[in-house]
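S.K.: Let me begin by handing over the structure; questions about it come next.
Taken together, the values in this text are just the output of simple stated rules run on the coordinates, not laboratory data. The shown structure was predicted, so the numbers you read here are calculated from the model rather than taken from an experiment. Positions of Cβ are backbone-derived with ideal geometry, glycine not excepted, and every protein chain shown enters the neighbour counts.
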Amino acid sequence: MTNFQRKNLLAVGVSISESPDMQALGLSQRHLRDAMAEIALHILASGLSLVYGGDLRAHGFTSLLFELLTRYRDHPEHRGTITVTDYLAWPVHIRMTEKYLTTFSEEHENTAQLILLSRDGRRLDWQERLGLAAHEPDENEWAEGLTSMRQTMCEETSARVVVGGRVAGYKGNMPGIAEETLLSLQTGQPVYLLGGFGGCTRDIAETVGLVGRWAGSRNDWAGRNSFRSFKVDDLHNGLSPDENVQLARTPHIGEAVTLMRHGLKRKLNGGGADAQGIH
């Protein structure tokens, strides 16, 4: 029995970051931001909660997510509860000053829950964190802190949506998109690979047999071989093989979100969970 079958589908993890293939695919970074917006709005409108492991860079995906949630608060179907959780890994938040963290938390206290994690993935009490001096983390802190954050997120989510992802210039043991996807596959979570935006997600889709090789295929990033033992059936996402191929190929976010929605709905119904939130 998978972890998914043991609990209701309440929280959906979203893994999204810049893709090196956008230009080659005739797409812009705006397309990727639009994809994040559509995915987030669908999850929120479905009554599910969204989980994201990001940073607090201005104009980044976390910033976009919080902007969306601020607007979404007035949606007639919003239930007034926190529906977005942002996990900050140890090496991400330990660089930030007390003033910065406090100001950011106050600005978003009504829109999202901010979780600060220790180096080993334990939740830090807010006052405990503010008592720690900010510093620049070393490579070991980055690797351990990022992996432990992703393990914690995996334990506290029931499905994962994957989009884009760079495979160079990353921190940690392997590209973040890859590590989050690998953990989900290893625990039997439903995984939705939106490969039409290229990047690490497209490489993973290729490795598990959803799409063929193309001019931008890459074989040399750390961790890619870990996916060779997985096949389409291991996605456990409520989609047929043909639908998964379609999801892995389409660059049209509307089509991709429709497929993701169908898969989530089937998993909810098939798993015995309450599907009333999926419209």
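S.K.: What size of dipole, in debye to the nearest 20, comes out for region 119-180 about its Cα centre when the only charges are +1 on Lys and Arg C-beta atoms and -1 on Asp and Glu C-beta atoms?
M.R.: Numbers: 8 positive and 12 negative charges, 51 e Å.
I would put it at about 240 debye.
S.K.: Using the Cβ atoms and a cut-off under 13 Å, what net charge is assigned to the surroundings of residue 143, where Lys and Arg are +1 and Asp and Glu are -1?
M.R.: Summing Lys and Arg as +1 and Asp and Glu as -1 gives -3.
S.K.: What is the dipole size for region 8-270, taken about its Cα centre, with +1 at each Lys and Arg Cβ and -1 at each Asp and Glu Cβ, in debye to the nearest 20? Kindly include the intermediate steps, with their values, before the conclusion.
M.R.: On the way: 27 positive and 33 negative charges, 125 e Å.
Rounded to the nearest 20 debye, it is 600 debye.
S.K.: Let me check I've understood the local charge: for residue 171, count other residues with C-beta under 13 angstrom from its C-beta, Lys and Arg +1, Asp and Glu -1. What total comes out? Please list the in-between numbers first.
M.R.: Working: positive: 95, 150, 166; negative: 55, 136, 138, 139, 141, 144, 179.
Around residue 171, the charge tally is -4.
S.K.: Can you give the alpha-carbon Rg of region 8-270 over 2.2 N^0.38 Å, where N counts its residues? List each step's numbers first, then the result.
M.R.: Values: Rg = 17.7 Å, N = 263, 2.2 N^0.38 = 18.3 Å.
In units of the 2.2 N^0.38 Å rule of thumb, it is 0.97.
S.K.: Take every Cα pair under 8 Å in region 8-270 that's 6+ residues apart, average their separations, divide by the length, and report that relative contact order as a whole percent.
M.R.: Details: 467 pairs, mean separation 53.8, N = 263.
Reported relative contact order: 20 percent.
S.K.: In addition: Of 31, 256, 105, which is farthest towards the positive pole of the chain's charge dipole, taken about the Cα centre with +1 and -1 on the beta-carbons of Lys, Arg and Asp, Glu respectively?
M.R.: Ranked along the dipole, the leading option is 256.
S.K.: In addition: Modelling each spin label as a point 7 Å along the Cα-to-Cβ direction, I'd like the residue 28/residue 240 distance in nm, to one decimal.
M.R.: 3.7
S.K.: For the chain, with the dipole built from +1 on Lys and Arg beta-carbon atoms and -1 on Asp and Glu ones, taken about the Cα centre, which of 178, 245, 164 lies farthest toward the positive end?
M.R.: The listed residue farthest towards the positive side: 245.
S.K.: Turning to a different aspect of this structure: Within the chain, how many Lys pairs that are eight or more residues apart, or on different chains, come under 27 Å at the alpha-carbon? Present the calculation step by step, with values, prior to reporting the outcome.
M.R.: Values: 7/231; 7/265; 7/267; 99/171; 231/265; 231/267.
Here the count comes out as 6.
S.K.: Moving on. Taking the beta-carbon count within 10 Å as an exposure proxy, list 62, 201 from fewest neighbours to most. Write down the numbers at each step before the final one.
M.R.: Values: 62 23, 201 28.
So the residues, fewest neighbours to most, are 62, 201.
S.K.: Next question, about the same structure. With the chain treated as a Gaussian network of Cα nodes joined by springs under 10 Å, which of 86, 120, 220 yields the largest mean-square fluctuation?
M.R.: Of 86, 120, 220, the Gaussian network model singles out 220 as fluctuating most.
S.K.: Here's another thing I want to ask about it. What's the exposure ranking of 224, 30, going from fewest to most Cβ atoms within 10 Å? All intermediate terms of the calculation are to be shown ahead of the outcome.
M.R.: Details: 224 20, 30 9.
Fewest to most other Cβ atoms nearby, the residues stand as 30, 224.
S.K.: Any idea how far apart residue 215 and residue 113 come out in nm if each label point goes 7 Å out from Cα toward Cβ?
M.R.: Spacing of the two 7 Å Cα→Cβ label points: 4.7 nm.
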